[in-house]
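Colleague: Dropping the structure in here first, questions after.
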């Protein structure tokens, strides 16, 4: 695999020419317009300025741990009807097993909202969000916005993006998705995968190359080159869904008769559109991938970029396990002892669990290939278990009809319904200290369901379904699918949408205002949120120096998902895995803001504030409860990797958070979540911080600085001997984003 240092030109869809060697009479600007990404963005841009995009999407999709909050936000802002197709799937809180009635309450909320506002409702166990979108929503040249970070349908010619709920609310209110024209990076594929190599192997190889250096961060990955034609639709989809783990903005692939056949199989041939770059297309970078050189891969805990070939791991087992243990102590903050060396038996690595599931692993071809490897074998009667989750009921039905389901069950594997739980820690939690291998999307700490705060730890490595099956056939001893010497049957897929016709509610875009929304006791309105004050006093209530902080650490996944329809209830879990003292600290300082809103003295509500205010007034005499806001902030080096969940920001906000301070933000979507919840996305240069956890910070004239687009903002650390000055910036903000921050949140911005 090769990463080019600079821009490249793609000529006739096949030849890469480095910019320094390009001698054709085509300007970079004109050639940049010949990418597929440019064409799609231009067709959806409403600004008239291709450098400052204002995008309107064709369709929206959400699942049951995001759609309640999104619709509640939109309702508070005056929602009357879904203006474009909005699909509400139920694939995360499907088990209805945690928190009493609240999961099914959310589902009934979704069903009644689909009826009232004119949407589509997909009941639990029918399909995971992204498989339904592939089967029923994607279309060539279209754009889809989803409230799940793995919203990626580029292999089908659809540019899709995963964002926090606030961005979907804007679309529901007929507003736009505002971004600068993103860079476009060519992912140039050549050669063909060797037997035993699956889409997860290719994806992990790419992620391992580009994540740490930010090569494609916030850019569009455009898959081109002669290697694309040799890949099936399922194989392309399996690579595409994992592009999220590179921190790219979106993805798009050239399409051909293989994708046309996909649409035809699904009864939607008219939605196919041929996509390919122009004769000369310019890209801001290029990742050249020789598919024939990719070997079965494994991403060791605790990140999809922690990649090795399986052969490399087996050859250097103790050295790599030692490195994993060192990285684990950083990820786990040394809270629990962690080792995988006890998994080595007679020189071989033993794993206790295999999972093939969800939007990445649960595709038809992945499961059929796994069954080919397992056919006639047994997973054994020891600790090792294998669970398979087809990504949709139509896939499940076809596996039953063609005999693959029986083949899998005969081995001792368990085949379950469409469910995303194993990917975010709400199903198949392994035993303490157990090691799981999964064809899912992420292996962050705790996403397998263990709880470090309770002294529990298990961990996940990501692998392709084929090597998971080879490991299962070897009774749990890590095995590459290249060791399988049998043949693959390559069964043909037949899609039957009868179950969808029987079970899915589709309003066909017709709203029924007479429908009463069904609420449950856990579904709560968003609390009132104040506008940005003239001046801010912020207490630093958490300080995180990990290289990257994931949204799972900001607001845990797993069983906490059941509380996402209750803003204050969910907020109790904020940073609970990373900094259990955060909630108490934030709520204590929030008392001061509540006192201000009640017309009372903040220093009386929070006595430690008294010397702070006295120190501030020595230099800023006009500060008073009438012109100051008081709240909390956190520092993290690089927060926001991973999930699109807006609750990573909103939970801080409802606890009185006014800002994050970071060296950089891991993803656009997390920064957007902060902005949509009225939080200041402060940036501070790398190096020694001027403050520490527990310090009070003062930002005078902050409202004026935001409104006036100040390049640099002066803050002060409040010390006993006076105020110590430091500087922060906000980065680029649109006028609307500034107004959202000034108003206090997107709800306030939109409220009539």
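Just so it is clear, none of the values below were taken in a lab; they were calculated from the coordinates. Here the structure is a predicted model, which is why all the values come from computation and not from measurement. Cβ placement follows ideal geometry from the backbone for every residue including glycine, while neighbour counts extend to all protein chains displayed.
Colleague: Once Rh for segment 591-672 is found with the Kirkwood sum over Cα pairs, what is the Stokes-Einstein diffusion coefficient at 37 °C and 0.692 mPa s, in µm²/s?
Modeller: The Stokes-Einstein estimate is 226 µm²/s.
Colleague: Grab the DSSP H runs of the chain that are 4 residues or longer, score each as -39,500 (n - 2.57), total them, divide by all residues and round the 222 nm result to the nearest 500 deg cm²/dmol.
Modeller: Taken over the chain, the calculation gives -8500 deg cm²/dmol.
Colleague: What distance in nm lies between label points placed 7 Å from Cα along the C-beta direction at residue 456 and residue 315?
Modeller: So the label points at residue 456 and residue 315 sit 3.9 nm apart.
Colleague: Of the peptides 442-449, 533-540, how do they stack up when ordered by the mean number of other Cβ atoms within 10 Å, highest first?
Modeller: Highest to lowest by the protection proxy: 442-449, 533-540.
Colleague: How would 737, 725 line up from fewest to most surrounding beta-carbon atoms within 10 angstrom?
Modeller: The order, fewest Cβ neighbours first, is 725, 737.
Colleague: Modelled label-to-label distance, residue 608 and residue 2, 7 Å Cα→beta-carbon offset: nm?
Modeller: 5.7 nm
Colleague: Provide the FRET efficiency to the nearest 0.05 for the residue 382-residue 637 pair, computing r from the beta carbons and using R0 = 30 Å.
Modeller: 0.10
Colleague: Could I ask something else about it? Given labels modelled 7 Å from the Cα in the Cβ direction, how far is it in nm from residue 95 to residue 26?
Modeller: 5.3 nm
Colleague: Please compute the length gained on full extension between residue 261 and residue 710, using 0.36 nm multiplied by the number of residues separating them and subtracting their Cα-Cα distance.
Modeller: Separation in residues times 0.36 nm, less the Cα-Cα distance, equals 156.3 nm.
Colleague: Taking the Cα of residue 617, stepping 7 Å toward and past its beta carbon, and measuring to each backbone N in segment 581-611: which are under 16 Å?
Modeller: Taking a point 7 Å out along Cα→Cβ of residue 617, the residues of segment 581-611 whose backbone N falls under 16 Å are 596, 600-611.
Colleague: Which FRET efficiency value, to the nearest 0.05, is calculated for residue 274 and residue 572 with the Förster distance at 60 angstrom and r the Cβ-Cβ distance?
Modeller: 0.70
Colleague: While we're looking at this one, here's another question. Given Cα positions, please report Rg to Rh for segment 616-732, the hydrodynamic radius being the Kirkwood one.
Modeller: Computed over Cα atoms, the ratio is 0.96.
Colleague: Here's another thing I want to ask about it. Take 597, 482 and order them by how many other Cβ atoms sit within 10 Å, fewest up front.
Modeller: Starting with the residue having the fewest Cβ neighbours, the order is 597, 482.
Colleague: Given segment 43-85 reduced to its alpha-carbon atoms as identical point scatterers, what log10 I(q)/I(0) does the Debye formula return at q = 0.15, 0.22 Å⁻¹?
Modeller: Evaluating at q = 0.15, 0.22 Å⁻¹ gives log10 I(q)/I(0) of -0.53, -0.86.
Colleague: So what's the chain giving for Cα Rg divided by 2.2 N^0.38 Å, two decimals?
Modeller: Scaled against compact globular proteins, the figure is 0.94.
Colleague: While we're here: What is the gain in length, in nm to one decimal, between residue 510 and residue 475 on full extension, counting 0.36 nm per residue of separation less the C-alpha to C-alpha distance?
Modeller: 7.3 nm is the gain from fully extending residue 510 to residue 475.
Colleague: Counting other beta carbons within 10 Å of each residue's own, what order do 514, 624 fall into, fewest first?
Modeller: 514, 624
Colleague: On alpha carbon coordinates alone, what is the Rg over Rh value for segment 1-159, Rh being the Kirkwood radius?
Modeller: Here the Rg-to-Rh quotient is 1.11.
Colleague: Now for a separate question. Residues in segment 354-378 near a label at residue 414, defined as backbone nitrogen under 16 Å from the 7 Å Cα→Cβ point?
Modeller: Under 16 Å, as judged by backbone N against the label point of residue 414, lie 354-358 of segment 354-378.
Colleague: Between segment 354-372 and segment 713-744, what is the separation of their alpha carbon centroids in Å?
Modeller: 48 Å
Colleague: Sticking with this structure for a sec: How compact and how long is segment 86-175, expressed as Rg and Dmax of its alpha-carbon atoms in Å?
Modeller: Over segment 86-175's Cα set, Rg and Dmax evaluate to 13.7, 43 Å.
Colleague: Going by a ≥ b ≥ c, the root eigenvalues of the Cα gyration tensor, does segment 208-251 fall in the rounded group (a/c under 1.5), the prolate group (a/b larger than b/c) or the oblate group?
Modeller: Here segment 208-251 falls in the prolate category.
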